[in-house]
1. So which residues in segment C:62-84 are farther than 15 Å from C:Ile30 by Cα and either within 16 Å of ligand 3 (Cβ to nearest atom) or free of Cβ contacts under 8 Å to residues at least 40 places away in the same chain (or both), if there are any at all?
2. Cβ-Cβ under 7 Å, sequence separation 6+ or interchain: first residue in segment C:316-332 and among the aliphatic types (A, V, I, L, M), partner modelled with pLDDT of 95 or more and in a loop (DSSP other than H, G, I, E, B). Which pairs?
3. Within segment C:38-61, can you find the residues that are part of a loop (DSSP other than H, G, I, E, B), touching a residue at least 40 places away in the same chain (Cβ under 8 Å) and more than 9 Å from every other protein chain (Cβ to nearest Cβ)?
4. Go through segment D:147-175 and report how many residues are within 14 Å of the chain's Cα centre (by Cα), of a type in the set (D, E, K, R) and closer than 9 Å to D:Trp136 by Cβ.
5. Given the structure, is A:Gly169 under 26 Å from D:Pro224 (Cα atoms) and more than 14 Å from ligand 1 (Cβ to nearest atom)?
6. If you scan segment D:63-81, which residues turn out to be within 16 Å of ligand 1 (Cβ to nearest atom), assigned to a loop (DSSP other than H, G, I, E, B) and out of contact with any His (no Cβ under 8 Å at 6 or more places or on another chain)?
7. Check segment B:65-74 and report whether any residue there is in contact with an Asp or Glu (Cβ under 8 Å, 6 or more places away or on another chain) and of a type outside the set (Gly, Ala, Ser).
8. Collect the residues in segment A:15-42 that are more than 18 Å from A:Cys202 (Cα to Cα) and in contact with a Phe, Trp or Tyr (Cβ under 8 Å, 6 or more places away or on another chain), keeping them in residue-number order.
Amino acid sequence: MIIMVREFLNLNETRNMFLFVSKYIEENKDFLTQADKAIGDGDHGVGMARGFIAVREKIGSKNFNSIGEILSSIGTILLTTIGGAAGAIFGTLFRGASKNLREEDTFSVRILSSMLNDGLESVKQRGKAEPGNKTMVDSLEPAAIKSKELLTLPLKDALIAVSEAARIGAENTKGMIATIGKAKTLGERSLGHPDPGAISVCLILRSMMEYVLSL
Amino acid sequence: MIIMVREFLNLNETRNMFLFVSKYIEENKDFLTQADKAIGDGDHGVGMARGFIAVREKIGSKNFNSIGEILSSIGTILLTTIGGAAGAIFGTLFRGASKNLREEDTFSVRILSSMLNDGLESVKQRGKAEPGNKTMVDSLEPAAIKSKELLTLPLKDALIAVSEAARIGAENTKGMIATIGKAKTLGERSLGHPDPGAISVCLILRSMMEYVLSL
Amino acid sequence: MKKAKKIINNPKNVVNELLEGIVEASNGKIRIIEGVSALVKKEIPDGKVGLLIGGGSGHEPLFPGFIGVNMADGAACGHIFAAPAPNIVFEATKAISKGNGLLYLYGNYAGDNMNFDIAVEMAEEEGIAVKTVRIWDDVASAPIERIEDRRGIAGDLFVIKIAGGISARSDDLEEVFRITARARDNTRSMGVSVSAGSIPETGEPTFLLPEDEIEIGMGLHGEPGVSREKMLDADPLVEKMMDKILSDLPFKEGDEICLLINDLGATTMMELLIVNRKVSQILRDKKIKIHDTVIGSYCTCQEMAGFSITLMKLDEELKKYYDMPAESLGFTKL
Amino acid sequence: MKKAKKIINNPKNVVNELLEGIVEASNGKIRIIEGVSALVKKEIPDGKVGLLIGGGSGHEPLFPGFIGVNMADGAACGHIFAAPAPNIVFEATKAISKGNGLLYLYGNYAGDNMNFDIAVEMAEEEGIAVKTVRIWDDVASAPIERIEDRRGIAGDLFVIKIAGGISARSDDLEEVFRITARARDNTRSMGVSVSAGSIPETGEPTFLLPEDEIEIGMGLHGEPGVSREKMLDADPLVEKMMDKILSDLPFKEGDEICLLINDLGATTMMELLIVNRKVSQILRDKKIKIHDTVIGSYCTCQEMAGFSITLMKLDEELKKYYDMPAESLGFTKL
Ligand SMILES: Nc1ncnc2c1ncn2[C@@H]1O[C@H](COP(=O)(O)OP(=O)(O)O)[C@@H](O)[C@H]1O
Ligand SMILES: Nc1ncnc2c1ncn2[C@@H]1O[C@H](COP(=O)(O)OP(=O)(O)O)[C@@H](O)[C@H]1O
Ligand SMILES: [Mg+2]
Ligand SMILES: [Mg+2]
Ligand SMILES: [Mg+2]
Ligand SMILES: [Mg+2]
């Protein structure tokens, strides 16, 4: 079998990619909740699943005019349905990601990179987290940085590399002491456990990759 | 070994008999509590033990002038330290038992019978229970009735027969539906379980018997 | 058997220590009677008809937490789940007596009845007049024909509230008795439980309930309820309970009531509110007017999970006394 | 893992249903804002500085149960243990706004801070002035140098009480802000837990604690405390907690305070009273005067067993607002 090399996705495919992401998050609800039970209040999976189920319900068959519109719709849905830190952070991530993509109607590596870097910037502005605080930033920032180096790769290869960078970033949070979010009161007791929000970032990128690989 | 046949106990021996009863009840605290857990609120052993420990503490080395005085002291201590239904009932039992024994200074079968019958009468007056309501009356009444037939027996033989009558009475409560006390809301669910207060009557008589046998 | 973890010192001292905790919280207004487990108000006006409540401990804030302004004058407290001994009641009686007699008000249990009755005999020997109202609001515990066999549960709060009001206004023991008895006669409750409490001296759950079952008709102690059923959702459960409560008095269209949703110990306010939503909907459908709603932990059974619903039907007189402001550790009303 | 048995309907509907339960209990005084999980008073005078509180649900009666007379005007409520989304806060803001701005008052958590901040941006775009006070009373959650990293726990009650008082008296947002912030600055708390709560959607305990251990420095959620220790008797445990609380502000001889002993969910009033006994003894020894003591379930974490101690130091101004009568589902004061 010859694998088609896709350089970009059209608007419907992009929307479908995020519908796939939604299912993926929903399927990992318990896994994320267990991660939050270890160092947080045990609701991260519940919230993320609630948000992404709402995404599926609300944009499932909707047509969009730009990549930016898809991302900002998702962001607003997450912001208004998840609540908690994750709602503000993942809502802000997608809303921030949409900023420079209002005129774009294809999803490519360049768009991926723009989305990750703008999203990262907005998240940092909103939540004041820096790498090392043991948050989703520790997974998002390496992915965003990595994406800038991949502009010439095919989309699938770029997504493989980016999601690997996010995975390593999330893995590294195990060695960090939380200084932001509900885990921060644990101090050293947070060592050894990965940050749940960082895992969510991994899952989002990994499912985007799986979707593109499946085309 | 020749077993001495005791026809009576003197005042100190009578007091010591009830100190022995006290220890016996204390040792059966958990057993009584479990019985009350099955059909009541699970505190009968706790209360009875509290009362009889107080008896040991308060009359342990006290000298008395009559059997009646011993019994009424015990009754007042039980009445003021147990609380609950058992406090009123067992307090009343001992106080009632003392009624006609203010002039007596030896404990004999006749005294035993007077004590059980007067005690029974007071208990019925106070609590309005009749045989068949599944209370301690179902154990106390057969013992009291039996005691009237035994006036010519040696004390130990009378106590053996009386405590056997109480045991059978308590055993029979298993087949009764409670209509008085905390078990009454259970209705048929109280079937199959003996009444905790009836067990206490057995334990009191049985330990009196063991004490006399040990002399 | 998993033992309960409790924040206590010596389990034998829980009652005395909790009473001291109430005294500390009272800002100098309540004292403990030396040597017995009873609390009384420090200042009681001469000639006031005394209101003495009481029962076993372990149900806090019931009973000692309901001493206060336009509430009770004193409480005689027994060991955990055990009626107070007569001497405790009697000492509290003497401390409260201001020449116009006392009303004894407590839940209808064999132990309480006998111990308070012995205390009545002691009080009368001292020339103190006593009238008694026994609370028997639990519709599940006996059929209406044997209403005097029913036990007292969370309806205690409303009856104490009315008794506190009338006893602050009237110096006639007969009148205090009459109106309190009417409050009792107008009050109906029913409870359910999903898991047991435990008494501190044993630490063991007072009953065992399978994971998927609920005990219906639960009282305020470890003694079981009237039946066990498969666990239900809140709404059908409430419907079932309300059927039984409403048809008992019965409560009818046009009636005006006070409503109490009472936590039996470990049930969350979240659950109580979800219950209240359904109870209120049912009452609206039946055109029964809710004058006031009280929700929270008032009459508890240690850490038992479960709740009860209480309705008290008002008339003009009961409403007047219900609406009086009241203040106590366990219940305050503007 | 044993799942919690809760009296609810669909776990996804708990928040909406509990809010409806509060509306039903309010006798027509509180309404739900169509489409979002927020409650507001129906009648708010023109020109009143609005007091909006809020946070995750599952802590009832905190937050929505503190709407009432001389209490909050509205509450924005999130899912269980999740800060409310900004649109919920914003809708409540518009409903409350009477031309003189709003004070947002909530516990200091990353999620709440971010969501309320987004709402502030939305409100300002609409021309509604908003000031924010974040409550950070939990001394266990960060050292005093990083007080702004501390989380808000049961001290919420006292700060809301003061804010409710001043916002009913003053139409100057700056003044409402200043006095509320002072109440916050004068308030210190610490909590412990002996067993976990659970969130309805999973039913699983949010943490596991060995049978003989206690979690020290517990917050209002499933997130663990600052350390685990072997289970202690009540008195030494209280001493330990009081050491940390008293030395933090610090509270000193001659100070006058309000005291709250708060149940985190399933702890009995019996235990709270035993705790209060020791707390009060320590305060008396230190010659710190207790102006008022509040004991009960105010800020909870589902059926978590545990409690917290809160002290708020009074000055003449704070005392004036604390002493105002107040009425709400969760807290009433004569
Ligand atoms: N200030 C912040 N900046 C970035 N991410 C954050 C911040 N605060 C929290 N997070 C992320 O949110 C996650 C927790 O989300 P969630 O459990 O859903 O919310 P909550 O903490 O309100 O319960 C954390 O694992 C972390 O990755
Ligand atoms: N009216 C009564 N007459 C005689 N015995 C009674 C009566 N009521 C209760 N009892 C006895 O008391 C026992 C229960 O005692 P206990 O458990 O200590 O008190 P409580 O029921 O107050 O918890 C019952 O088993 C029964 O034998
Ligand atoms: Mg969380
Ligand atoms: Mg019992
Ligand atoms: Mg009992
Ligand atoms: Mg949360």
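1. Within segment C:62-84, C:Ala82, C:Ala83 meet the criteria.
2. C:Leu318/C:Asn186; C:Met324/C:Asn70; C:Ala326/C:Asn70; C:Ala326/C:Met71; C:Ala326/C:Thr332; C:Leu329/C:Pro61
3. C:Ile44, C:Pro45, C:Asp46, C:Gly47, C:Lys48, C:Val49
4. Residues in segment D:147-175 being within 14 Å of the chain's Cα centre (by Cα), of a type in the set (D, E, K, R) and closer than 9 Å to D:Trp136 by Cβ: 2 in total.
5. no
6. Residue satisfying the conditions is D:Phe63 alone.
7. Yes; the residues of segment B:65-74 include at least one that is in contact with an Asp or Glu (Cβ under 8 Å, 6 or more places away or on another chain) and of a type outside the set (Gly, Ala, Ser).
8. A:Arg15, A:Asn16, A:Lys37, A:Asp41, A:Gly42
The values are calculated or read from the model by the stated rules, or taken from the named source; none is laboratory data. These figures come from a predicted structure and were not determined experimentally. So basically every Cβ, Gly included, is an ideal-geometry build from the backbone, and we count neighbours across all protein chains shown.
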